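Any read-out appearing in this document is the output of simple, stated calculations on the displayed coordinates, not a laboratory observation. None of the values given here were measured: they were computed from a predicted structure. For neighbour counting, all protein chains shown are included, and Cβ atoms are generated from backbone atoms with ideal geometry for every residue, glycine included.
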Amino acid sequence: MRDIPGAWRRTAEGAGLLASDGAVGTTIFAEMSGLAATTGAINLGQGFPDEDGPDAVLDAARRAIADGANQYAPGRGVPDLLAAVAEHQERFYDVRLDPATQVLVTAGATEALAATLLALLDGPDDEVVVFEPFYDAYAAAVALAGARLVTVPLHWPDFQPDVDELANAVTDRTRVILVNDPHNPTGAVFTAEVREQIVRSAIEHDAIIVTDEVYEHLVFAEAHVPLATLPGAAERTLSISSAGKTFSVTGWKIGWVTGPADLVSAVLTVKQFLTYVNGTPFQPAIAVGLRLPDAFFRGIAATLHAKSELLGEGLRAAGFGVSPPRGSYFTVADAAPVGATEAAQFCRELPARAGVVGIPLTAFVTPPHRHRYGTLVRFAACKRTDVLAEASRRLALLQR
Ligand code: PMP
Ligand code: GLN
């Protein structure tokens, strides 16, 4: 391949834009969904639901298009959505925000993350502390910003970090601590001790906390705790979320950033040159969603919890070791007991052997640390129960 300067060079350094071992230019999600499509396997790889979200939200988008909400939205977002995000933060977390200055609508959490990191990072002297494994976009965005990724390992089977390792990773070079809770790919929800250490380290080293809370309403048996609600955190925290998971509209790409006005303005400065604005008719529809009654939000957590348990039972019955998730779409399983020696190879063969697609955890890990997660596979539970039951039946065939 031609040596393309810039992004590809950073790819090699940061492992950020690498799809999976050796493949450049395609994310692991696209690769595995492609494999599911060509083999007809059940796709428990890329995390997207196979059922539509609430009618009230879908109808509101249709109405908005019919009513002519089809041109550029205001730069920060449609005012009704800015207000709905602020109301949501107060209703669920008792966080008060000025919708005009402390909320910014983005093209999904992905753009929010990219714009935030590009806004806050200034080259190779700036470090970003992330927990590893991490959502693939993190290393990519840090690489695009030309900054350095510093990883803190999460440990099988509960995927909590060691608080001393966390404390040691954060230094005066740390510009950002990037925290995804509930966590993709592991399904972990961080303990209170870990949350407190993150904030303590950020204050001690004057770092900014950036949170990715896209699974905030998919926490199974406890309340979600945003880091911005911890003492001393709000003034140094940018909180990111999005509508995709909560309302089963991953294709709409409506996300948001909230936090101190000066930090939100810095993100806006970059964001306006990435997409400028997006999703005008979807924005009022998400405002409708964010104002749905509590029963809706309780219902989606309970439904996904039940599905995750069903998937976990199927994986255990098939012989996998299972890390029970506390939230998110995902369940991590150890495929060593069913004969795997290398997760990426196992996942490439799984469609032919069992008619199921999963994602090797090594895809979310920098190359030097892949051995730690060598036989672990991420499976998505956000599918119809009949699909999960059929996947379990197929996985059981692996033992024969
Ligand atoms: N962060 C995490 C942890 C995710 O799992 C995802 C994927 N949905 C995103 C960010 C991206 O969200 P969006 O689709 O809103 O860009
Ligand atoms: N967030 C989804 C996942 O982790 C996929 C998003 C994507 O395809 N980039 O599976």
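Just to confirm my numbers, what's the Cα centroid distance between the range 227-260 and the range 31-87 in Å?
16 Å
Using DSSP to call loops (not H, G, I, E or B), can you name the GluC sites (Glu not before Pro) in the range 273-380 whose Cβ has at most 13 other Cβ atoms within 10 angstrom?
Taking the range 273-380 and a limit of 13 other Cβ atoms within 10 Å, no loop GluC sites (Glu not before Pro) are found.
Are there DSSP H segments in the chain that both extend 30 Å or more along their axis (alpha-carbon positions) and score a mean Kyte-Doolittle hydropathy of at least -0.5? List them, or say none.
Span-like helices, by this rule, are 294-317.
To the nearest 0.05, what FRET efficiency results for Asp162 and Asp67 with a Förster distance of 60 Å applied to their C-beta separation?
Step by step, r from the Cβ atoms, then E = 0.65.
For Lys271, give me every one of the aspartates and glutamates with a C-alpha distance below 15 angstrom, ignoring sequence neighbours fewer than eight places off in its own chain.
Glu111, Asp262
Return the single residue from Ala381, Ala169, Ala37 with maximal mean-square fluctuation; model: Gaussian network over the chain, springs between Cα atoms under 10 Å.
Looking only at Ala381, Ala169, Ala37, the biggest GNM fluctuation is shown by Ala37.
Calculate, in nm to one decimal, what Thr341 and Leu397 gain on full extension: separation in residues at 0.36 nm each, minus their alpha carbon distance.
Answer, rounded to one decimal: 18.3 nm.
On each of the three principal axes of the Cα atoms of the chain, give max minus min coordinate, whole Å, ordered largest first.
60, 49, 47
Give the range of the longest stretch in the chain that excludes all chymotrypsin sites (Phe, Trp or Tyr not before Pro) found in loop regions by DSSP and having at most 15 other beta-carbon atoms within 10 Å. Please list the in-between numbers first.
Working: sites that count: Tyr72, Phe273, Tyr276.
Here the longest run is 73-272.
So how much slack lies between Ala30 and Arg96, counting 0.36 nm per residue of separation and subtracting their Cα-Cα distance, in nm? Working shown, then result.
Details: separation 66, 0.36 × 66 = 23.76 nm, distance 3.83 nm.
Contour length minus the Cα-Cα distance gives 19.9 nm.
Quick check on the range 176-309: take the gyration tensor over C-alpha atoms, sort the square-rooted eigenvalues as a ≥ b ≥ c, and tell me if it's rounded (a/c under 1.5), prolate or oblate.
Cα axes put the range 176-309 in the oblate bin.
Could you pull out every one of the lysines with an alpha carbon less than 18 Å from that of Lys245, ignoring same-chain neighbours closer than 8 positions?
Lys245 reaches Lys253, Lys307, Lys383.
Taking a ≥ b ≥ c as the square roots of the eigenvalues of the Cα gyration tensor of the range 137-211, is the shape rounded (a/c under 1.5), prolate (a/b larger than b/c) or oblate?
Oblate, since a/c reaches 1.5 and b/c is not below a/b.
With a/c under 1.5 counting as rounded, go ahead and sort the range 91-198 into rounded, prolate or oblate using the C-alpha gyration tensor (a ≥ b ≥ c being the square roots of the eigenvalues; past the cut-off, prolate if a/b is larger than b/c, else oblate).
oblate
How far apart, in nanometres, would the label points at Arg291 and Ala192 be if each is projected 7 angstrom from Cα along the Cα-to-Cβ direction?
With each label placed 7 Å out from Cα toward Cβ, I get 3.5 nm.
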